[in-house]
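The values are calculated or read from the model by the stated rules, or taken from the named source; none is laboratory data. Small disclaimer: the values here were computed from a predicted structure and weren't measured. In this analysis, Cβ positions are derived from the backbone assuming ideal geometry, glycine residues included, and neighbour counts consider all displayed protein chains.
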Amino acid sequence: MVSDFPRNTYLDFAASTPIDPRVLAAMLPYFQEGFGNASSTHSFGQQAEAAIEKGRATVAQLLNCLPEEVVFTSGGTESDNLALQGVALAMQAETGANHILISPVEHPAVSNTAKYLAKHHGCEVEFLPVDEYGQVDPASVQSRLKSSTALVSVIMANNEIGTINPIAEIATACQAAGVLFHSDAVQAAAYLPLDFEAVGVDLLSLGGHKLYGPKGVGALILRKGTRIEPLFSGGSQESGLRPGTSNTPLIAGFAEALKIAVTERDRHAQHLQILRDQLLSTIPVAIPDTRITGHPHERLANHASFAFHGVNGNDLLMLLSEEGFACSSGSACKTGNPEPSDTLLALGLATDWAFGSLRVTLGRGTTQAEIDAFLAILPQSVARCRQLEQIP
Ligand SMILES: *Cc1c(COP(=O)(O)O)cnc(C)c1O
(Lines give C-alpha, C1' and ligand atoms only; values in the text may rest on other atoms or scores of the structure.)
Protein backbone atom coordinates (compact mmCIF):
# COMPACT_ATOMS: atom_id res chain seq x y z
CA MET A 1 0.00 0.00 0.00
CA VAL A 2 1.97 3.04 1.24
CA SER A 3 4.88 0.85 2.32
CA ASP A 4 7.48 2.52 0.11
CA PHE A 5 7.86 5.10 2.86
CA PRO A 6 9.84 4.49 6.06
CA ARG A 7 7.88 4.09 9.31
CA ASN A 8 8.84 7.37 10.89
CA THR A 9 7.60 8.49 14.28
CA TYR A 10 4.68 10.79 13.61
CA LEU A 11 4.81 14.06 15.54
CA ASP A 12 2.56 16.12 13.28
CA PHE A 13 -0.95 15.52 14.64
CA ALA A 14 -1.89 19.17 14.05
CA ALA A 15 -1.60 18.49 10.31
CA SER A 16 -3.81 15.43 10.37
CA THR A 17 -4.74 12.45 12.53
CA PRO A 18 -5.40 8.82 11.61
CA ILE A 19 -9.02 7.67 11.65
CA ASP A 20 -9.99 6.01 14.93
CA PRO A 21 -11.07 2.39 14.20
CA ARG A 22 -14.44 3.10 15.89
CA VAL A 23 -14.95 5.99 13.48
CA LEU A 24 -14.16 3.80 10.51
CA ALA A 25 -16.65 1.21 11.78
CA ALA A 26 -19.34 3.88 12.07
CA MET A 27 -18.73 4.95 8.46
CA LEU A 28 -18.48 1.61 6.67
CA PRO A 29 -22.19 0.67 6.50
CA TYR A 30 -22.97 3.84 4.54
CA PHE A 31 -20.60 3.17 1.65
CA GLN A 32 -22.54 0.12 0.53
CA GLU A 33 -25.85 -1.03 2.10
CA GLY A 34 -26.62 2.48 3.32
CA PHE A 35 -25.66 4.19 0.06
CA GLY A 36 -29.04 5.82 -0.63
CA ASN A 37 -29.49 9.51 -1.38
CA ALA A 38 -30.72 11.13 1.84
CA SER A 39 -33.09 13.29 -0.20
CA SER A 40 -34.92 10.29 -1.69
CA THR A 41 -38.29 9.30 -0.20
CA HIS A 42 -37.85 5.50 -0.41
CA SER A 43 -36.39 3.34 2.35
CA PHE A 44 -32.82 3.65 1.03
CA GLY A 45 -33.10 7.42 1.27
CA GLN A 46 -34.75 7.28 4.67
CA GLN A 47 -31.95 5.11 6.01
CA ALA A 48 -29.34 7.63 4.86
CA GLU A 49 -31.38 10.55 6.14
CA ALA A 50 -31.78 8.88 9.53
CA ALA A 51 -27.99 8.42 9.78
CA ILE A 52 -27.38 12.06 8.93
CA GLU A 53 -29.97 13.34 11.39
CA LYS A 54 -28.56 11.04 14.07
CA GLY A 55 -25.12 12.52 13.38
CA ARG A 56 -26.54 16.03 13.57
CA ALA A 57 -28.28 15.29 16.88
CA THR A 58 -25.06 13.83 18.28
CA VAL A 59 -23.02 16.88 17.26
CA ALA A 60 -25.68 19.23 18.66
CA GLN A 61 -25.80 17.43 21.97
CA LEU A 62 -22.00 17.36 22.30
CA LEU A 63 -21.67 21.07 21.53
CA ASN A 64 -24.80 22.25 23.33
CA CYS A 65 -26.42 23.74 20.25
CA LEU A 66 -29.63 23.02 18.34
CA PRO A 67 -29.59 20.32 15.64
CA GLU A 68 -30.73 22.94 13.10
CA GLU A 69 -27.64 24.99 14.00
CA VAL A 70 -25.33 22.25 12.62
CA VAL A 71 -24.34 22.62 8.94
CA PHE A 72 -22.22 19.77 7.61
CA THR A 73 -19.52 20.87 5.15
CA SER A 74 -16.52 19.38 3.34
CA GLY A 75 -14.13 20.41 6.13
CA GLY A 76 -12.59 23.25 8.06
CA THR A 77 -11.72 25.22 4.94
CA GLU A 78 -15.28 25.19 3.65
CA SER A 79 -16.69 26.02 7.09
CA ASP A 80 -14.39 29.06 7.31
CA ASN A 81 -15.29 30.14 3.77
CA LEU A 82 -19.01 29.75 4.41
CA ALA A 83 -18.76 31.72 7.65
CA LEU A 84 -16.83 34.64 6.23
CA GLN A 85 -18.20 34.85 2.71
CA GLY A 86 -21.70 33.86 3.72
CA VAL A 87 -22.01 36.48 6.44
CA ALA A 88 -20.14 39.20 4.52
CA LEU A 89 -22.36 38.87 1.46
CA ALA A 90 -25.58 38.66 3.50
CA MET A 91 -24.65 41.69 5.59
CA GLN A 92 -23.58 43.71 2.57
CA ALA A 93 -26.92 43.05 0.93
CA GLU A 94 -29.06 43.64 4.00
CA THR A 95 -27.35 46.37 6.01
CA GLY A 96 -24.41 47.53 3.89
CA ALA A 97 -21.97 46.55 6.68
CA ASN A 98 -18.67 45.57 5.08
CA HIS A 99 -15.99 45.85 7.77
CA ILE A 100 -14.34 42.54 8.71
CA LEU A 101 -12.10 42.31 11.73
CA ILE A 102 -9.74 39.32 11.96
CA SER A 103 -6.65 38.39 13.93
CA PRO A 104 -3.28 38.33 12.13
CA VAL A 105 -2.77 34.70 13.19
CA GLU A 106 -5.70 33.10 11.36
CA HIS A 107 -5.43 29.92 9.29
CA PRO A 108 -5.21 30.74 5.55
CA ALA A 109 -8.78 29.43 5.19
CA VAL A 110 -9.84 32.55 7.10
CA SER A 111 -7.15 35.10 6.19
CA ASN A 112 -7.20 34.37 2.46
CA THR A 113 -11.01 34.37 2.44
CA ALA A 114 -10.94 37.82 4.06
CA LYS A 115 -8.44 38.98 1.41
CA TYR A 116 -10.72 37.55 -1.29
CA LEU A 117 -13.65 39.49 0.14
CA ALA A 118 -11.56 42.68 0.12
CA LYS A 119 -10.47 42.14 -3.47
CA HIS A 120 -13.72 40.99 -5.01
CA HIS A 121 -16.48 42.38 -2.79
CA GLY A 122 -15.04 45.66 -1.55
CA CYS A 123 -14.89 44.60 2.07
CA GLU A 124 -12.69 46.56 4.45
CA VAL A 125 -10.50 44.01 6.24
CA GLU A 126 -8.79 45.14 9.43
CA PHE A 127 -6.26 43.10 11.42
CA LEU A 128 -6.34 43.03 15.20
CA PRO A 129 -3.11 43.33 17.17
CA VAL A 130 -1.74 40.28 19.02
CA ASP A 131 0.80 40.07 21.83
CA GLU A 132 4.13 38.23 21.69
CA TYR A 133 2.31 34.93 22.27
CA GLY A 134 -0.19 35.49 19.47
CA GLN A 135 -3.09 36.23 21.80
CA VAL A 136 -5.85 38.68 21.00
CA ASP A 137 -6.90 41.11 23.75
CA PRO A 138 -10.73 41.32 23.97
CA ALA A 139 -10.42 45.07 24.68
CA SER A 140 -8.67 45.55 21.34
CA VAL A 141 -11.64 43.93 19.61
CA GLN A 142 -14.11 46.10 21.50
CA SER A 143 -12.28 49.31 20.58
CA ARG A 144 -12.33 48.44 16.87
CA LEU A 145 -15.97 47.51 16.48
CA LYS A 146 -17.96 50.02 14.49
CA SER A 147 -21.43 50.34 13.01
CA SER A 148 -20.17 48.99 9.68
CA THR A 149 -18.59 45.86 11.22
CA ALA A 150 -20.15 42.79 9.62
CA LEU A 151 -18.10 40.07 11.29
CA VAL A 152 -15.23 39.40 13.68
CA SER A 153 -13.18 36.21 13.26
CA VAL A 154 -10.60 35.02 15.79
CA ILE A 155 -9.06 31.56 15.83
CA MET A 156 -9.79 29.57 19.01
CA ALA A 157 -6.44 27.78 19.18
CA ASN A 158 -3.70 28.43 16.67
CA ASN A 159 -2.45 25.66 14.39
CA GLU A 160 1.12 26.95 14.16
CA ILE A 161 1.83 28.07 17.70
CA GLY A 162 -0.90 26.38 19.76
CA THR A 163 -1.93 29.57 21.57
CA ILE A 164 -5.48 29.61 22.93
CA ASN A 165 -7.47 32.83 22.58
CA PRO A 166 -9.98 34.25 25.11
CA ILE A 167 -12.91 33.48 22.82
CA ALA A 168 -15.71 33.80 25.40
CA GLU A 169 -14.52 37.28 26.39
CA ILE A 170 -14.26 38.38 22.76
CA ALA A 171 -17.76 36.98 22.21
CA THR A 172 -19.08 39.09 25.08
CA ALA A 173 -17.62 42.22 23.49
CA CYS A 174 -19.13 41.34 20.10
CA GLN A 175 -22.53 40.50 21.60
CA ALA A 176 -22.65 43.83 23.43
CA ALA A 177 -22.12 45.62 20.11
CA GLY A 178 -24.52 43.34 18.21
CA VAL A 179 -21.73 42.15 15.88
CA LEU A 180 -21.47 38.56 14.61
CA PHE A 181 -18.47 36.58 15.82
CA HIS A 182 -16.88 33.55 14.14
CA SER A 183 -14.18 31.34 15.59
CA ASP A 184 -12.16 28.65 13.82
CA ALA A 185 -12.09 25.78 16.33
CA VAL A 186 -10.62 23.18 13.96
CA GLN A 187 -7.49 22.69 16.12
CA ALA A 188 -9.23 23.37 19.42
CA ALA A 189 -12.04 20.85 19.15
CA ALA A 190 -10.03 17.83 20.29
CA TYR A 191 -8.59 19.55 23.35
CA LEU A 192 -10.84 22.35 24.64
CA PRO A 193 -14.34 22.13 26.10
CA LEU A 194 -16.67 23.36 23.38
CA ASP A 195 -20.05 24.57 24.61
CA PHE A 196 -21.62 26.70 21.89
CA GLU A 197 -23.93 28.51 24.30
CA ALA A 198 -21.31 29.08 26.99
CA VAL A 199 -18.64 30.26 24.55
CA GLY A 200 -21.15 32.62 22.97
CA VAL A 201 -19.87 32.70 19.39
CA ASP A 202 -22.31 32.96 16.48
CA LEU A 203 -20.36 30.76 14.08
CA LEU A 204 -17.90 27.98 14.86
CA SER A 205 -15.81 25.98 12.35
CA LEU A 206 -14.89 22.33 12.92
CA GLY A 207 -13.07 19.76 10.80
CA GLY A 208 -13.03 15.97 10.97
CA HIS A 209 -9.44 14.99 10.22
CA LYS A 210 -7.90 16.99 13.06
CA LEU A 211 -9.84 14.89 15.59
CA TYR A 212 -9.31 11.31 14.39
CA GLY A 213 -12.15 11.56 11.90
CA PRO A 214 -12.11 11.46 8.11
CA LYS A 215 -10.80 14.13 5.77
CA GLY A 216 -13.29 15.97 3.62
CA VAL A 217 -15.93 16.61 6.28
CA GLY A 218 -16.52 19.28 8.88
CA ALA A 219 -19.25 21.43 10.28
CA LEU A 220 -20.16 25.05 10.68
CA ILE A 221 -22.18 25.68 13.81
CA LEU A 222 -24.37 28.63 13.02
CA ARG A 223 -26.56 30.48 15.54
CA LYS A 224 -30.23 30.18 14.61
CA GLY A 225 -31.45 33.22 12.73
CA THR A 226 -28.00 34.35 11.52
CA ARG A 227 -28.10 36.04 8.14
CA ILE A 228 -25.92 34.05 5.76
CA GLU A 229 -25.63 33.25 2.05
CA PRO A 230 -24.59 29.81 0.75
CA LEU A 231 -21.32 29.42 -1.17
CA PHE A 232 -22.90 27.24 -3.86
CA SER A 233 -26.25 27.15 -5.59
CA GLY A 234 -28.11 23.88 -5.81
CA GLY A 235 -30.53 21.78 -3.82
CA SER A 236 -31.93 22.37 -0.37
CA GLN A 237 -29.59 20.12 1.62
CA GLU A 238 -28.36 21.54 4.95
CA SER A 239 -31.15 24.15 4.94
CA GLY A 240 -29.96 25.28 1.52
CA LEU A 241 -26.62 26.38 2.98
CA ARG A 242 -24.71 23.42 1.63
CA PRO A 243 -26.33 22.07 -1.52
CA GLY A 244 -25.12 18.77 -2.91
CA THR A 245 -25.99 15.18 -2.01
CA SER A 246 -25.19 14.66 1.66
CA ASN A 247 -22.13 12.50 2.31
CA THR A 248 -23.62 9.97 4.72
CA PRO A 249 -20.46 7.99 5.66
CA LEU A 250 -18.37 11.09 6.25
CA ILE A 251 -21.08 12.73 8.35
CA ALA A 252 -21.55 9.55 10.42
CA GLY A 253 -17.76 9.38 10.87
CA PHE A 254 -17.48 13.03 11.84
CA ALA A 255 -20.16 12.68 14.53
CA GLU A 256 -18.52 9.55 15.94
CA ALA A 257 -15.08 11.20 15.94
CA LEU A 258 -16.41 14.23 17.79
CA LYS A 259 -18.17 12.00 20.31
CA ILE A 260 -14.95 10.10 21.06
CA ALA A 261 -12.92 13.31 21.18
CA VAL A 262 -15.27 14.89 23.71
CA THR A 263 -15.69 11.82 25.91
CA GLU A 264 -11.97 10.97 26.00
CA ARG A 265 -10.63 14.51 25.90
CA ASP A 266 -9.47 14.87 29.50
CA ARG A 267 -7.69 11.54 29.56
CA HIS A 268 -5.75 12.22 26.35
CA ALA A 269 -5.03 15.84 27.28
CA GLN A 270 -3.53 14.85 30.63
CA HIS A 271 -1.20 12.31 29.04
CA LEU A 272 -0.14 14.63 26.22
CA GLN A 273 0.37 17.68 28.36
CA ILE A 274 3.08 15.90 30.35
CA LEU A 275 4.99 15.04 27.17
CA ARG A 276 4.39 18.52 25.74
CA ASP A 277 5.74 20.16 28.88
CA GLN A 278 8.81 17.96 28.70
CA LEU A 279 9.48 19.28 25.18
CA LEU A 280 8.81 22.89 26.18
CA SER A 281 11.07 22.76 29.22
CA THR A 282 13.92 20.70 27.74
CA ILE A 283 14.47 22.08 24.25
CA PRO A 284 15.19 25.75 25.09
CA VAL A 285 17.73 24.59 27.69
CA ALA A 286 19.38 21.92 25.53
CA ILE A 287 19.70 24.09 22.41
CA PRO A 288 21.19 27.61 22.49
CA ASP A 289 19.41 30.51 20.74
CA THR A 290 16.03 28.83 20.95
CA ARG A 291 12.66 30.23 21.90
CA ILE A 292 9.24 28.80 22.41
CA THR A 293 6.72 30.25 19.95
CA GLY A 294 3.21 30.78 21.24
CA HIS A 295 2.04 30.90 24.81
CA PRO A 296 4.09 28.96 27.39
CA HIS A 297 1.01 27.34 28.97
CA GLU A 298 -2.21 28.77 27.46
CA ARG A 299 -1.71 26.44 24.53
CA LEU A 300 -3.11 23.18 23.19
CA ALA A 301 -2.24 20.16 25.32
CA ASN A 302 -0.58 18.36 22.38
CA HIS A 303 1.28 21.31 20.89
CA ALA A 304 4.91 22.41 21.26
CA SER A 305 6.54 24.90 18.89
CA PHE A 306 9.90 26.59 18.71
CA ALA A 307 12.07 28.97 16.73
CA PHE A 308 15.79 28.32 16.34
CA HIS A 309 17.91 31.31 15.38
CA GLY A 310 19.88 30.94 12.16
CA VAL A 311 18.22 27.74 11.01
CA ASN A 312 16.37 26.99 7.79
CA GLY A 313 13.24 25.23 9.03
CA ASN A 314 12.89 23.17 5.87
CA ASP A 315 16.44 21.82 6.23
CA LEU A 316 15.65 20.88 9.80
CA LEU A 317 12.49 19.03 8.76
CA MET A 318 14.49 17.05 6.19
CA LEU A 319 17.19 16.13 8.68
CA LEU A 320 14.56 15.09 11.23
CA SER A 321 12.82 13.01 8.62
CA GLU A 322 16.11 11.22 7.86
CA GLU A 323 16.43 10.58 11.60
CA GLY A 324 12.95 9.06 11.58
CA PHE A 325 10.74 11.89 12.87
CA ALA A 326 7.86 13.52 11.02
CA CYS A 327 7.42 17.11 12.24
CA SER A 328 6.34 20.38 10.68
CA SER A 329 7.48 23.97 10.45
CA GLY A 330 3.96 24.89 11.51
CA SER A 331 2.87 26.91 8.55
CA ALA A 332 1.20 25.62 5.43
CA CYS A 333 4.27 26.61 3.42
CA LYS A 334 5.77 23.72 1.55
CA THR A 335 9.44 23.12 0.96
CA GLY A 336 10.84 25.74 -1.34
CA ASN A 337 8.54 28.52 -0.22
CA PRO A 338 10.93 31.23 0.99
CA GLU A 339 8.30 33.27 2.87
CA PRO A 340 8.41 33.21 6.65
CA SER A 341 5.01 32.62 8.20
CA ASP A 342 2.66 35.56 8.75
CA THR A 343 1.80 34.16 12.16
CA LEU A 344 5.39 34.16 13.37
CA LEU A 345 6.00 37.65 11.98
CA ALA A 346 2.83 38.81 13.77
CA LEU A 347 4.44 37.74 17.06
CA GLY A 348 7.24 40.17 16.31
CA LEU A 349 9.84 37.53 15.40
CA ALA A 350 12.59 38.78 13.09
CA THR A 351 12.99 36.76 9.89
CA ASP A 352 16.29 35.16 11.06
CA TRP A 353 14.18 33.56 13.80
CA ALA A 354 10.94 33.06 11.90
CA PHE A 355 12.62 30.91 9.21
CA GLY A 356 13.78 28.46 11.86
CA SER A 357 10.41 27.27 13.11
CA LEU A 358 9.56 23.77 14.29
CA ARG A 359 6.17 22.43 15.35
CA VAL A 360 5.96 19.17 17.29
CA THR A 361 2.37 18.04 17.80
CA LEU A 362 1.51 14.89 19.72
CA GLY A 363 -1.33 12.43 19.42
CA ARG A 364 -3.20 9.76 21.33
CA GLY A 365 -0.56 7.13 20.64
CA THR A 366 2.54 9.24 21.32
CA THR A 367 4.79 7.58 23.92
CA GLN A 368 7.38 8.72 26.41
CA ALA A 369 9.98 6.64 24.54
CA GLU A 370 9.26 8.51 21.30
CA ILE A 371 9.68 11.88 23.01
CA ASP A 372 12.91 10.76 24.68
CA ALA A 373 14.30 9.56 21.34
CA PHE A 374 13.29 12.82 19.69
CA LEU A 375 14.93 14.90 22.41
CA ALA A 376 18.09 12.83 22.07
CA ILE A 377 18.61 13.70 18.39
CA LEU A 378 17.18 17.23 18.08
CA PRO A 379 20.20 19.20 19.41
CA GLN A 380 22.60 17.70 16.86
CA SER A 381 20.08 18.17 14.05
CA VAL A 382 19.72 21.87 14.87
CA ALA A 383 23.52 22.20 15.13
CA ARG A 384 23.94 20.61 11.70
CA CYS A 385 21.39 23.03 10.22
CA ARG A 386 23.28 25.96 11.68
CA GLN A 387 26.48 24.70 10.05
CA LEU A 388 24.67 24.38 6.72
CA GLU A 389 23.54 28.00 6.97
CA GLN A 390 27.17 29.06 7.36
CA ILE A 391 28.30 27.53 4.07
CA PRO A 392 28.32 30.44 1.62
C1 LIG B 1 -6.62 22.18 9.24
C2 LIG B 1 -7.22 23.50 9.58
C3 LIG B 1 -8.18 24.10 8.74
C4 LIG B 1 -8.60 23.47 7.44
O5 LIG B 1 -9.37 22.33 7.66
P6 LIG B 1 -9.55 21.25 6.46
O7 LIG B 1 -10.59 20.33 7.02
O8 LIG B 1 -8.22 20.62 6.28
O9 LIG B 1 -10.04 21.99 5.28
C10 LIG B 1 -8.73 25.29 9.13
N11 LIG B 1 -8.36 25.89 10.28
C12 LIG B 1 -7.44 25.37 11.11
C13 LIG B 1 -7.09 26.06 12.37
C14 LIG B 1 -6.84 24.15 10.78
O15 LIG B 1 -5.91 23.63 11.59
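Observations on the structure shown:
- Scope region 89-110; condition more than 21 Å from ASP342 (Cβ to Cβ) and of a type in the set (Gly, Ala, Ser); matching residues: ALA90, ALA93, GLY96, ALA97
- Scanning region 55-87 for residues that are more than 13 Å from LEU203 (Cα to Cα), surrounded by fewer than 23 Cβ atoms within 10 Å (Cβ to Cβ) and within 15 Å of the ligand (Cβ to nearest atom) turns up SER74, THR77.
- Contacts under 6 angstrom Cβ, first residue in region 341-362 being part of a helix (DSSP H, G or I), partner acidic (Asp, Glu), 6 or more apart: THR343/GLU160
- Residue in region 208-231 that is farthest from the chain's Cα centre (by Cα), counting only those that are among the hydrophobic types (A, V, I, L, M, F, W, C) and away from the ligand (no atom under 16 Å from the Cβ): ILE228
- Contacts under 6 angstrom Cβ, first residue in region 101-113 being away from the ligand (no atom under 11 Å from the Cβ), partner assigned to a helix (DSSP H, G or I) and not aromatic (Phe, Trp, Tyr), 6 or more apart: ILE102/ALA114; PRO104/ALA346
- Of the residues making up region 6-54, just one is among the β-branched types (Val, Ile, Thr), more than 16 Å from the ligand (Cβ to nearest atom) and under 30 Å from LEU319 (Cα atoms), namely THR9.
- Considering region 146-167, the residues that are within 30 Å of ARG291 (Cβ to Cβ) and of a type in the set (S, T, N, Q) include one that is surrounded by the most Cβ atoms within 10 Å (Cβ to Cβ), namely ASN158.
- Single residue of GLN270, GLN278 found to be touching a Leu at 6+ places or on another chain (Cβ under 9 Å) and either in a helix (DSSP H, G or I) or of a type in the set (Val, Ile, Thr) (or both): GLN278
- Considered as a group, the residues in region 321-342 that are within 12 Å of SER305 (Cβ to Cβ) and at pLDDT 95 or above include one that is farthest from the chain's Cα centre (by Cα), and that residue is CYS327.
- Scanning region 168-197 for residues being closer than 29 Å to THR95 by Cβ, surrounded by 24 or more Cβ atoms within 10 Å (Cβ to Cβ) and in contact with a Phe, Trp or Tyr (Cβ under 9 Å, 6 or more places away or on another chain) gives a total of 2.
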